[in-house]
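First comes the structure, then the notes that go with it.
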Amino acid sequence: MAAPSETDPPPPPIPLWRSAGWLLLDMALVTTMQAIVKAEGETYPAVQLVFLRSIVGLASVAPLVWRHRAKLTNLSNIRGHLTRVGFNSIALTFNFAAFAALPLALVTAIGFTRPLVLLVMAALMLGESVSRTRYVFTAIGFIGVVVMVRPDAIPWNMGLAAAFGSVFFGSLAVIQTRRLAGEDTVVLMLFYTVGLSVLTAIPAAVVWVPVPWSEAPNVILVGVLAQLGQYCWLQAYQKQEARLLAPIGYLSIVFSGLAGWVFFGEIPSPALCLGAAIVVLATVLATPAERWLQNKRASRPG
């Protein structure tokens with residue numbers, strides 16, 4: 001088969017509907033996983049569910065781990081990799097604990113604040129330049145969080161602490177990933193899967209609750225759905241521009257709200273819907289607003 005020449009026309013762009021379909025399928029799979037975590041979280045500790053999820057993921061990538069074992073055992077920045085996986089382990093454990101304690105839609109909506117938290121962390125920890133416009137929209141986004149959480153009506157509890165803890169440590173994990181920008185992508189993925197299993201093994205063993213055979217399929221399904229969801233997410237974003245898919249990603253709150261209503265009788269409150277809308281708009285409109293102001297300043301004479 002002849003290699004394509006430089007004069008060959010570029011491959012046709014992937015239709016947006018196809019990438020959107022992969023992303024919607026990812027949302028459906030992940031929301032199903034979250035519903036199972038919420039149901040099983042009443043019986044099993046969050047860290048145990050994270051460990052079991054990671055073991056299923058490790059089994060699925062075991063051939064790749066073996067193939068790249070030399071790279072995994074000869075890392076130049078082992079401390080950086082462990083720090084990244086450690087932050088991810090804490091974030092995922094908090095996330096599972098939050099789903100067990102709070103309505104699905106509320107945890108999902110709080111998760112929308114991660115880009116806002118990440119923006120502030122990137123400025124403070126990586127020295128990235130952040131405009132006043134983005135800070136203004138970040139402040140607006142956190143007003144949306146206050147509307148969602150309603151401090152005057154919803155008492156502070158461990159579920160809310162876990163939800164915000166998941167956002168905080170998840171953002172730290174992203175910061176650490178940026179610091180490992182020169183590392184091989186496959187190594188990052190495999191070390192995460194292996195490291196997550198190792199780092200959660202001892203905490204899970206300390207609080208371990210025996211899993212009867214009747215419950216085993218549900219627990220295994222958590223890991224299977226997580227892996228399938230990751231595959232669908234990669235299929236969506238590897239073949240389409242992120243800027244086109246990002247707005248579609250916010251539909252995940254619709255999936256979470258529907259799952260919460262169908263399986264747990266959770267009805268999203270007007271405050272939750274309004275607060276989530278504020279957070280989404282603040283996140284989506286920050287970049288266009290920043291560009292508009294930059295263009296306006298550039299067009300001024302003198």
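Derivation of every value follows stated rules applied to the coordinates shown; laboratory data play no part. Everything quoted here is computed from the prediction, not taken from an experiment. Cβ coordinates were reconstructed from backbone atoms using ideal geometry, including for glycine residues, and neighbour counts include every protein chain displayed.
Based only on the alpha carbon positions, what is the Kirkwood hydrodynamic radius of the stretch 24-144, in angstrom?
On the way: mean 1/r = 0.0580 Å⁻¹.
Result for the stretch 24-144 stands at 17.3 Å.
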Checklist entry - For the chain, what is the mean residue ellipticity at 222 nm derived from helices alone (per DSSP H run of n ≥ 4: -39500 (n - 2.57); sum divided by total residues; nearest 500 deg cm²/dmol)? => result -26000 deg cm²/dmol
Item to check | Structure-derived Rg/Rh (Cα atoms, Kirkwood Rh): which label, when the choices are (1) 0.99; (2) 0.96; (3) 0.94 | outcome: (1)
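Rounded, prolate or oblate, given the Cα gyration tensor of the stretch 127-225, with a/c below 1.5 counting as rounded? Provide the component values of the computation, followed by the final result.
Working: a/c = 2.79, a/b = 1.28, b/c = 2.18.
Verdict is oblate for the stretch 127-225.
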Next on the checklist: If the only charges are +1 at each Lys and Arg Cβ and -1 at each Asp and Glu Cβ, what is the size of the charge dipole of the chain around the Cα centre, to the nearest 20 debye?
Outcome noted: 840
Checklist entry - Ranked highest first by the average count of other Cβ atoms within 10 Å around their residues, in what order do 126-137, 207-218 fall? => result 126-137, 207-218
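Among 67-76, 31-40, 105-114, 187-196, what's the highest-first ranking by average C-beta atoms within 10 angstrom per residue? Numbers along the way, then the final one.
Details: 67-76: 12.1, 31-40: 21.3, 105-114: 24.8, 187-196: 19.5.
Output ranking for 67-76, 31-40, 105-114, 187-196: 105-114, 31-40, 187-196, 67-76.
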Checklist entry - For the chain, list the DSSP H helices whose alpha carbon atoms reach 20 Å or more along the long axis and whose average Kyte-Doolittle value is 1.6 or above? => result 185-206
